[in-house]
Amino acid sequence: MNGGRFLDNPFAADILLCLGFFTRLPLPDRQLTRSFTHALWAAPVAGLVVGVVAGVAGGLALWLSLPSGAAAVVALAAGILVTGALHEDGAADVADGFGGGRTRGDKLSIMRDSRIGSYGTLALILSALARWSAIASIATAEGGWVLLFVLIAAHAASRAVLPAFASIVAAARSDGLSAGIGIIDRNVALGALGIGFLALLPLGFGFAILSVLLLLAVFFGLAALARHQIGGQTGDVLGALQQSCEIVLLLAAAVILT
C-alpha cells in the first residue's frame, strides 16, 4: 500500500485529523475530507503519540544519567512542546473564568480573553508541580520503561474521555470550538473510551479499574461544576478535563506503582 492509499484509508485519515489538532507534529500536507466529529475516536491515539514522545524523552534523560527530577522536567517539557500547551491553555482559562467571573457572561468573557490572570497562573503552576512530582517519583522508583507506559496511559486515557464529555455535556456557547464540533456519535465516544482503557491495561488490570473510577469522578465532578458555572462545556473546559485526568492518573500511578 503506497502512502497516498494509506492516507485515503478512513482510519488513517481520522488519526491524522486528531494528530493535527492535538499536536504540533509535522504531518503530510494533504487535504482530508473526514469530519473531525467522526474522527474523535482517535483522540486517545493522538494522546498515545504524545505519551511516547514524553516517555522517550524522559527515558533518554535517565539513560544519560540525569537525576530523576531533571528527567521529569524533560518528559513534561516534551509533552508540552509536542502539544503546543493546548490543554494547559484551556485549563488556565477555566481557572481564570470560574475563579474571577461573577456572572455566567463574565466567566465566558474571561475565558475568551487571551490574557492570563492570577487564577490561571496558579493553576498552571500547580498542574506542572503535580505532574512533575509524580513523574519524578515513578522515574526514581521504576525507571524509564515503566515511566514510558505510565505516560502513554495518562496521555491516552485523559484524551479518551473528551468525546464522551462533549457528547453528554451541552455546549455553553452557540459558537466556538466545542459548539462547532457538532453532535458526537455514541460509537465514536465509546471507541475512544475503549482505546483509553486498553492504554491502561499494561500497568495492570487492577490499576486500570481504579483509574476508570478516578476518571469517572473527575468526569462527573467537572461536568457538574461546568454546568453550574457557565451552563455547559467549552473547548477550555475540555482542556481542563484533560489536564485534571492526566494529573489524577499520574498521581495514582505514583502511589500504586512505586
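The values are calculated or read from the model by the stated rules, or taken from the named source; none is laboratory data. These numbers were taken from a predicted model, which means no experiment stands behind them. Don't worry about glycine lacking a Cβ; one is built from the backbone with ideal geometry, like all the others, and counts go over all protein chains shown. Areas reflect the complete protein model, heavy atoms only, side chains present, ligands, DNA and RNA absent. Shrake-Rupley method; radii C 1.70, N 1.55, O 1.52, S 1.80 Å.
In this structure, does Ala123 turn out to be open to solvent by 20 Å² or more (accessible area, probe 1.4 Å), free of Cβ contacts under 8 Å to residues at least 60 places away in the same chain, touching a helix residue (DSSP H, G or I) at 6+ places or on another chain (Cβ under 7 Å) and within 26 Å of Leu147 (Cα to Cα)? For Ala123, the condition - open to solvent by 20 Å² or more (accessible area, probe 1.4 Å), free of Cβ contacts under 8 Å to residues at least 60 places away in the same chain, touching a helix residue (DSSP H, G or I) at 6+ places or on another chain (Cβ under 7 Å) and within 26 Å of Leu147 (Cα to Cα) - is met. Of the helices (runs of 4 or more DSSP H) lying entirely inside segment 10-118, those containing at least 2 residues that are within 17 Å of Val150 (Cα to Cα) and either without any contact (Cβ under 8 Å) to a residue 40 or more places away in the chain or of a type outside the set (Val, Ile, Thr) (or both) are 43-63, 68-83. Out of Ser211, Ser167, which single residue is in a helix (DSSP H, G or I), open to solvent by 10 Å² or more (accessible area, probe 1.4 Å) and hydroxyl-bearing (Ser, Thr, Tyr)? Ser167 is the lone residue from the list that is in a helix (DSSP H, G or I), open to solvent by 10 Å² or more (accessible area, probe 1.4 Å) and hydroxyl-bearing (Ser, Thr, Tyr). Inside segment 65-107, residues that are in contact with a helix residue (DSSP H, G or I) (Cβ under 7 Å, 6 or more places away or on another chain), open to solvent by 30 Å² or more (accessible area, probe 1.4 Å) and of a type in the set (Lys, Arg) make up a count of 1. Would you call Gly206 farther than 24 Å from Arg112 by Cα and among the small types (Gly, Ala, Ser)? Yes: the conditions hold for Gly206.
With respect to the conditions (1) modelled with pLDDT under 95; (2) more than 24 Å from Pro163 (Cβ to Cβ); (3) open to solvent by less than 30 Å² (accessible area, probe 1.4 Å), Cys18 lacks only one, and its number is (2).
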